[in-house]
Amino acid sequence: MITVYHYLILSAIIFSIGTFGVLTRKNAIVIFMCIELMLNSVNLTFIALSRHLQNMDGQIFVFFVMTVAAAEAAVGLALMIAFYRNRGSIDSDDFNMLKW
């Protein structure tokens, strides 16, 4: 039988993979995908705990997180396209335009 602890362990593993990807990868698209992975692991935790506690609050938070993730993807991809048009690369080491 699958318990809530199994879901929490799976969520922690997915979040760790996403964190590792954000910290180690150079490509901005891969970094965005890793952020999405981290957000989905948080959603899995919300759903698992919501189901375990028989409370709807976690499911409402999932909709909020999904909205933020969609906005992040839209704005992030627009920024990547603009950056690629200016620099010809989306390597995260080239993101020094906002530095003082």
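The values are calculated or read from the model by the stated rules, or taken from the named source; none is laboratory data. Only a predicted model underlies this, so the values are computations on that prediction, with no experimental measurement involved. We place every Cβ from the backbone using ideal geometry, glycine too, and count neighbours over all the protein chains shown. These accessible areas exclude ligands, DNA and RNA; they are computed on the full protein's heavy atoms, side chains included. Shrake-Rupley method; radii C 1.70, N 1.55, O 1.52, S 1.80 Å.
Each row is one residue, and each column tells you yes or no for (1) open to solvent by less than 70 Å² (accessible area, probe 1.4 Å); (2) in a helix (DSSP H, G or I); (3) under 24 Å from GLY76 (Cβ atoms); (4) out of contact with any strand residue (DSSP E or B) (no Cβ under 8 Å at 6 or more places or on another chain).
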| position | (1), (2), (3), (4) |
| --- | --- |
| LEU8 | yes, yes, no, yes |
| ILE14 | yes, yes, yes, yes |
| ILE17 | no, yes, yes, yes |
| GLY21 | yes, yes, yes, yes |
| GLU36 | yes, yes, yes, yes |
| PHE46 | yes, yes, yes, yes |
| GLN59 | yes, yes, no, yes |
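For region 25-34, indicate whether the set of residues that are among the polar types (S, T, N, Q) and assigned to a helix (DSSP H, G or I) is non-empty.
no
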